[in-house]
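Pasting a structure here, questions to come.
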Amino acid sequence: MAIVRSYGPVLFLCFASALAAAPKTVWDGVFTPAQADRGLAAYSAQCSRCHGEDLHGSGNVLIGAKFMQQWREDNLRSMYTILRDTMPRNAPRSLSDAMYLDIIAYLLKVNEFPTGTADLALPDTANILVVGKEGPAAVPDFALITVSGCLGPMKDDNGSITAATEPVRTRQPDKSKGDEFTIAMAKSGGTRTLALMGVQYNNEGVVPLHRAEVKGFLIRLPAGNKINVTSMQTSAEACTP
Ligand code: HEC
């Protein structure tokens, strides 16, 4: 029993070092040609009858400008989760993890991202960002985003978050749970300040002047960016805004 328990800290260390890994982008060669070929076979069998052999069917969402608009500044974990939970449209979650990952590799290949020497694996996906040729760009206006930083005082409907990370896209408007929140709180060194609105609806259990995760819709304004808050949560760590 003691031996089993001693795995706890070891696992935690592995997890902590995974956190420290530098983020990658889809330009870093994150899948292999063989994986994309397997993805083509899976795509032909499972997706092409709606999306077309040339990927231009069903609203053209899998290739070119629409593909980039939908996924840029988001990570591959998010793409995997959406694919798994919504596709094939008539039978969500019906493929294996490996097949969904192979299909993502295929979609990256047809969207002209470079191949690499290792297959795309599920644990890597959260750390790989989709960015355009020009590199990371501003998240589109009104996109659902998440930031980590220091929550300031709140008054009426309004608040602010300082020392905040660059907003990144999320598909999940609610508070993140477990490891995801730990990862959000491990992100430090941000330099952004964002105004918050809608805080009075979303402040259950929230402690001002603590490290916080804030999610919501990004609103770009000449005076500075604002978040229309969908969820907030704070950690035990106090901070000075
Ligand atoms: C029965 C038809 C059908 C099948 C099979 C199907 N799709 Fe779709 N898919 C759709 C439709 C319809 C849309 C919505 C298009 C739009 O928004 O204009 C869609 C949207 C998507 C999107 C955009 C995400 C979103 O939520 O809007 C992705 C990515 C996608 N499909 C991937 C796949 C993949 C990968 C497969 C195979 C595993 C697959 N689809 C199989 C019909 C299908």
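Give the peptides 144-150, 194-200 in descending order of average Cβ contacts within 10 Å, highest first.
Numbers: 144-150: 23.0, 194-200: 18.9.
The densest-packed peptide leads the list: 144-150, 194-200.
Out of Phe142, Phe217, Phe31, any idea which swings most in a Gaussian network model of the chain, alpha carbons joined below 10 Å?
Phe142
Please identify, among Thr25, Thr165, Thr191, the residue showing maximal mean-square fluctuation in a Gaussian network model of the chain using a 10 angstrom Cα cutoff.
Comparing Thr25, Thr165, Thr191 in the GNM, the peak value goes to Thr191.
To continue, here is another question. Got the relative contact order for the chain handy, in percent, Cα pairs under 8 Å and 6 or more residues apart? Write down the numbers at each step before the final one.
On the way: 442 pairs, mean separation 45.4, N = 241.
Relative contact order comes out at 19 percent.
Multiply the residue gap between Ala22 and Arg49 by 0.36 nm, knock off their C-alpha separation, and tell me the result in nm, one decimal place. Please list the in-between numbers first.
Details: separation 27, 0.36 × 27 = 9.72 nm, distance 3.84 nm.
Extra length available between Ala22 and Arg49 comes to 5.9 nm.
Can you compute the radius of gyration and Dmax for the stretch 144-238, using only the Cα atoms, both in Å?
So, for the stretch 144-238, Rg and Dmax equal 11.6, 36 Å respectively.
A follow-up question, please. What dipole magnitude, in Debye to the nearest 20, does the chain give about its Cα centre under +1 on Lys/Arg Cβ and -1 on Asp/Glu Cβ?
I would put it at about 220 debye.
Dividing the convex hull volume of the Cα atoms of the stretch 59-186 by its residue count, what figure in Å³ per residue is obtained? Present the calculation step by step, with values, prior to reporting the outcome.
Details: hull volume 19.8 nm³, N = 128.
So the per-residue hull volume is 154 Å³.
Shifting gears a bit: Among Thr32, Thr162, Thr117, which one shows the biggest mean-square fluctuation in a GNM of the chain, springs joining Cα atoms closer than 10 Å?
Thr117
Going Cα to Cα from Lys66, which aspartates and glutamates come in below 15 Å? Please leave out same-chain ones fewer than 8 positions away.
Asp54, Asp74, Glu112
A follow-up question, please. For the stretch 18-129, how big is the tail of P(r) above 24 Å, as a whole percent of Cα pairs?
Details: 1025 of 6216 pairs.
For the stretch 18-129, the share of Cα pairs beyond 24 Å comes to 16 percent.
Right, something else. At 222 nm, what value in deg cm²/dmol follows for the chain if DSSP H runs of at least 4 each add -39500 (n - 2.57) and the sum is divided by all its residues, to the nearest 500? Can you show the working numbers first?
Numbers: 8 runs with 77 residues, N = 241.
After summing the helix terms and dividing by the residues of the chain, the value is -9500 deg cm²/dmol.
For the pairs Lys177/Lys226; Lys133/Lys187; Lys24/Lys175; Lys24/Lys109, note any where the Cα-Cα span goes beyond 19 Å.
Working: Lys177/Lys226 24 Å; Lys133/Lys187 25 Å; Lys24/Lys175 24 Å; Lys24/Lys109 17 Å.
Pairs exceeding the cut-off: Lys177/Lys226; Lys133/Lys187; Lys24/Lys175.
Please report, for the Cα atoms of the chain, the Rg to one decimal and the Dmax as a whole number; what are they, in angstrom?
In Å, with Rg to one decimal and Dmax whole: 19.7, 60.
Just so you know, all these numbers are worked out from the coordinates, no wet-lab data involved. Note that the structure is a prediction, hence the values are computed from the model and not measured. Counting neighbours? That spans all protein chains shown, and the Cβs are built from the backbone with ideal geometry, glycine included.
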